[in-house]
Amino acid sequence: MRFLLDAEQRDFARSLDALLTSCDTPSVVRSWAAGDHVPGRAVWARLAEAGVFALAVPERHEGFGPLPLELTLAFEALGRHAVPGPLVETVAAAALLDRLGDDRIAAGRLPGIASGKSAASLCLTSLGPYALDADMADAVFVVDGDILRLATGTGAVQPSADPARRLSRPSDGTVLAQGPAVAAAARYAADVAALATAAQCLGVGRALLARTVEYVTQRTQFGVAIGSFQAVKHRLADTLLALEFAGPLVHGAALALAAGDERAGGDIAAAKVTAGEAAYAAARTALQLHGAVGYTAELDLSLWIRKARPLRDAWGTPAACRARVVGADR
């Protein structure tokens, strides 16, 4: 497949990158980890104005989409700037509600998601018992088998490797829908979540690589920049190759999902495992090449390093993704 972004898509990605650069996201992440959601909700509102959440909502419910490719561009930027919050879960919830086939439920929820007035979290019990940032979400949806519930409680926040990922076990609540349509919608929502997370991983990895390249050109040892050492060059080259290989897989999976290709699930799993492993490798490279300072929480780099491992495992562990790819090839 030969694929190039068009001018409008490139402009969208650049404008979103410029918007997030002006938001001082490291301070937003630290506030979010401390339980202060005000700065994060301000960024959320700006993302909504840029149309990020509307990309997952159909036009009949005041959105622009669904547009999987543009969604991956947006989530790569969100990962590159380490934006916190249930971003993936909100767009996955939008996909779930849209696929239910119940316009009453969709009309009541999707316009709020598209406008950014409503943040959602989503828990698919088949993938795990936790919902991300349920304590700040306006709605927490739980799918257990073929039953969709709106949770009434969020439970205590659980620790995570990434302090900005606030996990909790939502309690049972009101049943919104039940039947085969719920299970099918949940499978599609899981694919959307895995694709968005893969794009987020790609952004995290590229941010880590860029910051590491900048550091090794400034840090000196034996009178020369450590970036001139052959071992350092090889480590950075390996990291770059892994990320560059993952990028087309993410975009290709988005195109397959948009086209309704029956193999889209396997493509998404391949993109997720490749981007997740590339981001995790980038985090390990960044940690090693920054030396002792790489371990400090005060360094902004730590905000990206601590995201890489949880994102690698979110919405499909490497083992689960590989198993799905193998199954799709049979």
Does Gly65 meet the test of being modelled with pLDDT under 95 and closer than 30 Å to Ala184 by Cβ? yes
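Out of curiosity, is Gly291 on the phi > 0 side of the Ramachandran plot and out of contact with any Pro (no Cβ under 6 Å at 6 or more places or on another chain)? Break it down into steps so the answer makes sense when it comes.
Working: on the phi > 0 side of the Ramachandran plot: yes; out of contact with any Pro (no Cβ under 6 Å at 6 or more places or on another chain): yes.
So Gly291 fits the description; yes.
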Within segment 14-64, considering residues that are touching a Pro at 6+ places or on another chain (Cβ under 9 Å), of a type in the set (Ser, Thr, Tyr) and surrounded by fewer than 19 Cβ atoms within 10 Å (Cβ to Cβ), the one farthest from Arg211 (Cα to Cα): Ser31
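In segment 175-226, what count of residues is obtained for those that are among the hydroxyl-bearing types (Ser, Thr, Tyr) and closer than 19 Å to Ala270 by Cα? Full working, then the answer.
So the first thing to find is which residues in segment 175-226 are among the hydroxyl-bearing types (Ser, Thr, Tyr), and the list is 188, 197, 212, 215, 217, 220.
Still in the list and also closer than 19 Å to Ala270 by Cα: 188, 197.
Total satisfying the criteria: 2.
Residue-by-condition table, conditions (1) within 19 Å of His290 (Cα to Cα); (2) surrounded by 15 or more Cβ atoms within 10 Å (Cβ to Cβ); (3) not hydroxyl-bearing (Ser, Thr, Tyr):
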| site | (1), (2), (3) |
| --- | --- |
| Ile147 | no, yes, yes |
| Ala198 | no, yes, yes |
| Thr217 | yes, no, no |
| Phe222 | yes, no, yes |
Report, ordered by the first and then the second residue, all pairs with beta carbons closer than 6 Å, sequence separation of six or more or different chains, a first member in segment 202-220 that is in contact (Cβ under 8 Å) with a residue 12 or more places away in the chain, and a second member that is among the β-branched types (Val, Ile, Thr) and surrounded by 23 or more Cβ atoms within 10 Å (Cβ to Cβ). Leu202/Val250; Leu209/Thr239
Restricting the first residue to segment 106-133 and requiring it to be closer than 17 Å to Gln158 by Cα and crowded, with 19+ Cβ neighbours inside 10 Å, which pairs with a second residue that is modelled with pLDDT of 95 or more and polar (S, T, N, Q) meet a Cβ separation below 7 Å and a spacing of at least six or different chains? Ala131/Ser121; Leu132/Ser121; Asp133/Ser121
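Is it the case, given these coordinates, that Ser15 is assigned to a helix (DSSP H, G or I), among the polar types (S, T, N, Q) and more than 27 Å from Pro159 (Cβ to Cβ)?
Details: assigned to a helix (DSSP H, G or I): yes; among the polar types (S, T, N, Q): yes; more than 27 Å from Pro159 (Cβ to Cβ): yes.
Against the criterion (assigned to a helix (DSSP H, G or I), among the polar types (S, T, N, Q) and more than 27 Å from Pro159 (Cβ to Cβ)), Ser15 qualifies.
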Just checking, does segment 117-131 include any residue being in contact with a Ser or Thr (Cβ under 8 Å, 6 or more places away or on another chain) and of a type in the set (Lys, Arg)? no
Test each condition in (1) more than 15 Å from the chain's Cα centre (by Cα); (2) of a type outside the set (Lys, Arg); (3) over 20 Å from Arg309 (Cα atoms) for Leu127 and report the one that comes out false. (3)
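Could you identify the single residue in Ala82, Ala92, Ala77 that is within 21 Å of Gly276 (Cα to Cα), outside any helix (DSSP H, G or I), of a type in the set (A, V, I, L, M) and modelled with pLDDT of 95 or more?
Details: Ala92 fails: outside any helix (DSSP H, G or I); Ala77 fails: outside any helix (DSSP H, G or I).
Selected residue: Ala82, the only one of Ala82, Ala92, Ala77 that is within 21 Å of Gly276 (Cα to Cα), outside any helix (DSSP H, G or I), of a type in the set (A, V, I, L, M) and modelled with pLDDT of 95 or more.
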Quick one: Glu298 ticks every box in (1) at pLDDT below 95; (2) of a type in the set (Asp, Glu); (3) closer than 30 Å to Gln9 by Cα except a single one, so which number is it? (3)
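Quick one: which residue in Ala107, Ala161 is among the hydrophobic types (A, V, I, L, M, F, W, C) and either closer than 27 Å to Phe3 by Cα or not in a loop (DSSP other than H, G, I, E, B) (or both)? It would help to see each step written out before you state the result.
Values: Ala161 fails: either closer than 27 Å to Phe3 by Cα or not in a loop (DSSP other than H, G, I, E, B) (or both).
Criteria check complete, one pass: Ala107.
Got a sec? Which of Ala283, Ala270, Ala297 is outside any helix (DSSP H, G or I), hydrophobic (A, V, I, L, M, F, W, C) and under 30 Å from Ser121 (Cα atoms)? It would help to see each step written out before you state the result.
Values: Ala283 fails: outside any helix (DSSP H, G or I); Ala270 fails: outside any helix (DSSP H, G or I).
When all the criteria are applied, what remains is Ala297.
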May I ask you to list pairs of residues, at least six apart or on different chains, whose Cβ atoms are under 6 Å apart, with the first in segment 286-311 being under 21 Å from Thr217 (Cβ atoms) and buried (at least 18 other Cβ atoms within 10 Å of the Cβ) and the second being modelled with pLDDT of 95 or more and of a type in the set (Phe, Trp, Tyr)? His290/Tyr215
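The values are calculated or read from the model by the stated rules, or taken from the named source; none is laboratory data. All of these numbers come straight from a predicted model, not from anything done at the bench. Backbone-built Cβ (ideal geometry, glycine too); neighbour counts: all protein chains shown.
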